[in-house]
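Structure first, commentary second.
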Amino acid sequence: MNHKGTKRIETPRLILRPFTTADAEAMYKNWASDKTVTQYLTWPAHGSVQVTGQLLALWEENYARKDYYQWAIVRKDGPDEPIGGMSVVSYNEDLESAEVGYCIGRLWWNQGLTAEALQAVIDFLFDEVGVNRIEARHDTRNPASGKVMQKCAMQVEGTMRQAARNNQGICDVCQYAILRQDRRERTQ
(Lines give C-alpha, C1' and ligand atoms only; values in the text may rest on other atoms or scores of the structure.)
Protein backbone atom coordinates (compact mmCIF):
# COMPACT_ATOMS: atom_id res chain seq x y z
CA MET A 1 0.00 0.00 0.00
CA ASN A 2 1.14 3.52 -0.76
CA HIS A 3 0.03 5.50 2.28
CA LYS A 4 -0.89 9.13 1.66
CA GLY A 5 -2.25 10.26 5.01
CA THR A 6 -5.48 12.17 5.57
CA LYS A 7 -5.69 14.20 2.39
CA ARG A 8 -8.50 16.66 1.69
CA ILE A 9 -11.21 15.09 -0.48
CA GLU A 10 -14.11 16.90 -2.15
CA THR A 11 -17.44 15.52 -3.30
CA PRO A 12 -20.38 17.39 -4.83
CA ARG A 13 -21.76 18.33 -1.38
CA LEU A 14 -18.92 17.65 1.05
CA ILE A 15 -15.36 18.37 2.03
CA LEU A 16 -13.49 15.66 3.90
CA ARG A 17 -10.54 17.18 5.71
CA PRO A 18 -8.35 16.60 8.76
CA PHE A 19 -9.85 17.60 12.10
CA THR A 20 -8.29 20.40 14.16
CA THR A 21 -8.67 21.20 17.83
CA ALA A 22 -10.75 24.19 16.70
CA ASP A 23 -13.44 21.63 15.72
CA ALA A 24 -14.02 20.57 19.34
CA GLU A 25 -17.14 22.65 19.98
CA ALA A 26 -18.82 21.62 16.71
CA MET A 27 -17.91 17.94 17.06
CA TYR A 28 -19.19 17.87 20.64
CA LYS A 29 -22.43 19.66 19.69
CA ASN A 30 -23.10 17.87 16.39
CA TRP A 31 -22.56 14.23 17.43
CA ALA A 32 -19.93 13.36 20.04
CA SER A 33 -22.20 14.22 23.00
CA ASP A 34 -25.31 12.57 21.51
CA LYS A 35 -26.08 9.19 23.09
CA THR A 36 -28.40 8.32 20.22
CA VAL A 37 -25.58 8.78 17.68
CA THR A 38 -23.02 6.91 19.81
CA GLN A 39 -25.26 4.05 20.96
CA TYR A 40 -23.75 1.58 18.46
CA LEU A 41 -20.19 2.94 18.59
CA THR A 42 -17.25 1.62 20.60
CA TRP A 43 -16.70 4.90 22.44
CA PRO A 44 -19.19 6.55 24.80
CA ALA A 45 -20.78 9.95 24.26
CA HIS A 46 -18.41 12.66 25.41
CA GLY A 47 -19.23 14.18 28.79
CA SER A 48 -17.70 17.58 27.98
CA VAL A 49 -16.22 19.60 25.16
CA GLN A 50 -12.85 19.21 26.93
CA VAL A 51 -12.97 15.44 26.30
CA THR A 52 -13.60 16.15 22.62
CA GLY A 53 -10.74 18.65 22.55
CA GLN A 54 -8.32 16.15 24.09
CA LEU A 55 -9.25 13.55 21.49
CA LEU A 56 -8.80 16.05 18.65
CA ALA A 57 -5.36 17.03 20.01
CA LEU A 58 -4.34 13.37 19.83
CA TRP A 59 -5.69 13.09 16.28
CA GLU A 60 -3.79 16.23 15.27
CA GLU A 61 -0.55 14.62 16.46
CA ASN A 62 -1.31 11.46 14.47
CA TYR A 63 -1.78 13.39 11.21
CA ALA A 64 2.02 13.48 10.89
CA ARG A 65 1.86 9.77 10.06
CA LYS A 66 1.24 8.83 6.43
CA ASP A 67 -0.68 5.70 7.52
CA TYR A 68 -3.25 7.65 9.57
CA TYR A 69 -6.68 8.41 8.13
CA GLN A 70 -9.27 10.42 10.10
CA TRP A 71 -11.55 12.80 8.20
CA ALA A 72 -13.96 15.48 9.35
CA ILE A 73 -17.09 15.51 7.18
CA VAL A 74 -18.02 19.13 6.37
CA ARG A 75 -20.91 20.38 4.23
CA LYS A 76 -19.90 22.74 1.44
CA ASP A 77 -23.11 24.78 1.77
CA GLY A 78 -22.75 25.42 5.49
CA PRO A 79 -20.25 26.67 8.03
CA ASP A 80 -16.78 25.09 8.05
CA GLU A 81 -17.68 22.77 10.90
CA PRO A 82 -17.71 18.98 10.98
CA ILE A 83 -21.05 17.19 10.96
CA GLY A 84 -19.47 13.75 11.29
CA GLY A 85 -16.32 11.75 10.89
CA MET A 86 -14.88 8.90 8.86
CA SER A 87 -11.71 6.93 9.47
CA VAL A 88 -9.65 3.92 8.58
CA VAL A 89 -10.10 1.96 11.79
CA SER A 90 -7.44 -0.61 10.92
CA TYR A 91 -5.51 -1.93 7.95
CA ASN A 92 -3.53 -5.00 7.03
CA GLU A 93 -0.50 -4.33 4.83
CA ASP A 94 -0.07 -8.00 3.92
CA LEU A 95 -3.66 -8.34 2.69
CA GLU A 96 -3.78 -4.77 1.34
CA SER A 97 -7.03 -4.27 3.22
CA ALA A 98 -8.55 -1.46 5.25
CA GLU A 99 -11.52 -1.33 7.62
CA VAL A 100 -13.47 1.92 7.65
CA GLY A 101 -15.80 3.39 10.25
CA TYR A 102 -18.00 6.46 10.34
CA CYS A 103 -20.61 8.45 12.22
CA ILE A 104 -22.65 11.53 11.46
CA GLY A 105 -24.81 13.83 13.55
CA ARG A 106 -28.55 13.13 13.75
CA LEU A 107 -29.48 16.34 11.92
CA TRP A 108 -27.82 14.92 8.80
CA TRP A 109 -29.24 11.38 8.86
CA ASN A 110 -31.15 10.10 5.80
CA GLN A 111 -29.71 12.67 3.38
CA GLY A 112 -27.19 10.43 1.61
CA LEU A 113 -24.26 12.38 3.05
CA THR A 114 -22.61 9.45 4.82
CA ALA A 115 -22.76 7.33 1.67
CA GLU A 116 -21.32 10.22 -0.35
CA ALA A 117 -18.42 10.53 2.10
CA LEU A 118 -17.87 6.77 2.25
CA GLN A 119 -17.79 6.49 -1.55
CA ALA A 120 -15.16 9.24 -1.69
CA VAL A 121 -13.03 7.41 0.88
CA ILE A 122 -13.45 4.10 -0.97
CA ASP A 123 -12.29 5.77 -4.19
CA PHE A 124 -9.34 7.38 -2.40
CA LEU A 125 -8.26 4.11 -0.79
CA PHE A 126 -8.47 2.16 -4.06
CA ASP A 127 -7.04 4.83 -6.36
CA GLU A 128 -4.41 6.53 -4.23
CA VAL A 129 -3.49 4.19 -1.40
CA GLY A 130 -3.77 1.03 -3.49
CA VAL A 131 -5.81 -1.16 -1.17
CA ASN A 132 -7.37 -4.31 -2.57
CA ARG A 133 -10.16 -4.78 0.00
CA ILE A 134 -12.24 -2.31 2.00
CA GLU A 135 -14.45 -3.61 4.76
CA ALA A 136 -16.87 -2.23 7.31
CA ARG A 137 -19.28 -3.71 9.81
CA HIS A 138 -22.23 -2.67 11.88
CA ASP A 139 -24.25 -3.84 14.85
CA THR A 140 -27.19 -5.83 13.43
CA ARG A 141 -29.55 -3.56 15.43
CA ASN A 142 -28.35 -0.61 13.34
CA PRO A 143 -29.45 -1.49 9.78
CA ALA A 144 -29.20 2.15 8.63
CA SER A 145 -25.42 1.80 8.75
CA GLY A 146 -25.64 -1.24 6.49
CA LYS A 147 -27.73 0.75 4.00
CA VAL A 148 -24.85 3.23 3.72
CA MET A 149 -22.49 0.36 2.85
CA GLN A 150 -24.97 -1.07 0.32
CA LYS A 151 -25.26 2.31 -1.43
CA CYS A 152 -21.50 2.14 -1.95
CA ALA A 153 -21.73 -1.33 -3.55
CA MET A 154 -20.25 -3.10 -0.56
CA GLN A 155 -21.41 -6.71 -0.35
CA VAL A 156 -22.70 -8.49 2.72
CA GLU A 157 -20.29 -11.23 3.72
CA GLY A 158 -22.22 -12.49 6.70
CA THR A 159 -23.16 -11.99 10.31
CA MET A 160 -20.74 -12.77 13.10
CA ARG A 161 -22.57 -13.67 16.27
CA GLN A 162 -21.46 -11.95 19.49
CA ALA A 163 -18.27 -10.85 17.74
CA ALA A 164 -17.93 -7.25 18.97
CA ARG A 165 -18.62 -4.93 21.86
CA ASN A 166 -20.11 -1.45 21.67
CA ASN A 167 -22.12 0.82 23.94
CA GLN A 168 -24.95 -1.73 23.89
CA GLY A 169 -22.63 -4.51 25.12
CA ILE A 170 -21.61 -7.64 23.25
CA CYS A 171 -23.31 -7.65 19.86
CA ASP A 172 -23.74 -9.44 16.56
CA VAL A 173 -22.14 -7.66 13.62
CA CYS A 174 -22.87 -7.72 9.92
CA GLN A 175 -19.70 -7.67 7.79
CA TYR A 176 -19.52 -5.90 4.40
CA ALA A 177 -16.68 -5.54 1.90
CA ILE A 178 -15.80 -4.34 -1.56
CA LEU A 179 -12.79 -5.50 -3.57
CA ARG A 180 -10.83 -3.54 -6.14
CA GLN A 181 -12.02 -6.04 -8.78
CA ASP A 182 -15.66 -5.50 -7.73
CA ARG A 183 -15.34 -1.82 -8.46
CA ARG A 184 -13.50 -2.48 -11.72
CA GLU A 185 -16.28 -4.83 -12.86
CA ARG A 186 -18.95 -2.30 -11.86
CA THR A 187 -17.37 0.49 -13.91
CA GLN A 188 -16.80 -1.58 -17.09
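The values are calculated or read from the model by the stated rules, or taken from the named source; none is laboratory data. Since the structure is predicted, the reported quantities are computational estimates derived from the model, not experimental observations. When we count neighbours, we look across all protein chains shown, and the Cβ atoms used for this are built from the backbone with ideal geometry, even at glycine. Keep in mind that these areas ignore ligands, DNA and RNA; they rest on the heavy atoms of the full protein, side chains included. Shrake-Rupley method; radii C 1.70, N 1.55, O 1.52, S 1.80 Å.
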Could you grab me the full set of residues in the range 48-76 that are under 15 Å from residue 117 (Cβ atoms) and either in a loop (DSSP other than H, G, I, E, B) or hydrophobic (A, V, I, L, M, F, W, C) (or both)? 69, 71, 72, 73, 74, 76
Filtering the range 152-169 down to residues that are touching an Asp or Glu at 6+ places or on another chain (Cβ under 8 Å), part of a loop (DSSP other than H, G, I, E, B) and over 21 Å from residue 110 (Cα atoms) yields 168
What do you reckon, is residue 172 of a type outside the set (Val, Ile, Thr), part of a helix (DSSP H, G or I) and open to solvent by less than 80 Å² (accessible area, probe 1.4 Å)? no
Qualifying residue in the range 99-107 (condition: open to solvent by 10 Å² or more (accessible area, probe 1.4 Å), closer than 16 Å to residue 1 by Cα and in a strand (DSSP E or B)): yes
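Rundown of residues vs (1) touching a Pro at 6+ places or on another chain (Cβ under 7 Å); (2) modelled with pLDDT under 95; (3) on the phi > 0 side of the Ramachandran plot, yes/no style:
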position	(1), (2), (3)
17	no, no, no
22	no, no, no
25	no, no, no
30	yes, no, no
34	no, no, no
42	no, yes, no
47	no, no, no
53	no, no, no
57	no, no, no
Those residues of the range 118-167 that are under 13 Å from the mean Cα position of the chain (by Cα) and of a type in the set (Lys, Arg) come to a total of 1
The condition from (1) surrounded by 16 or more Cβ atoms within 10 Å (Cβ to Cβ); (2) in a helix (DSSP H, G or I) that residue 83 misses is numbered (2)
Scanning the range 21-47 for residues that are among the hydrophobic types (A, V, I, L, M, F, W, C) and part of a helix (DSSP H, G or I) gives 22, 24, 26, 27, 31, 32, 37
Conditions first: (1) charged (D, E, K, R); (2) surrounded by fewer than 20 Cβ atoms within 10 Å (Cβ to Cβ); (3) under 27 Å from residue 123 (Cα atoms). Residue 23 passes all but one, so which condition is the exception? (2)
Could you list, in sequence order, all residues of the range 1-20 that are open to solvent by less than 60 Å² (accessible area, probe 1.4 Å) and either in contact with a Leu (Cβ under 8 Å, 6 or more places away or on another chain) or not in a loop (DSSP other than H, G, I, E, B) (or both)? 9, 14, 15, 16, 17, 18, 19, 20
Quickly run through the range 129-143 and pick out the residues that are outside any loop (DSSP other than H, G, I, E, B) and either open to solvent by less than 40 Å² (accessible area, probe 1.4 Å) or within 15 Å of residue 153 (Cβ to Cβ) (or both). 129, 133, 134, 135, 136, 138, 139
Can we say residue 149 is aliphatic (A, V, I, L, M), part of a helix (DSSP H, G or I) and in contact with a strand residue (DSSP E or B) (Cβ under 6 Å, 6 or more places away or on another chain)? yes
Contacts under 6 angstrom Cβ, first residue in the range 73-88 being closer than 22 Å to residue 129 by Cα, partner of a type in the set (S, T, N, Q), 6 or more apart: 87/70
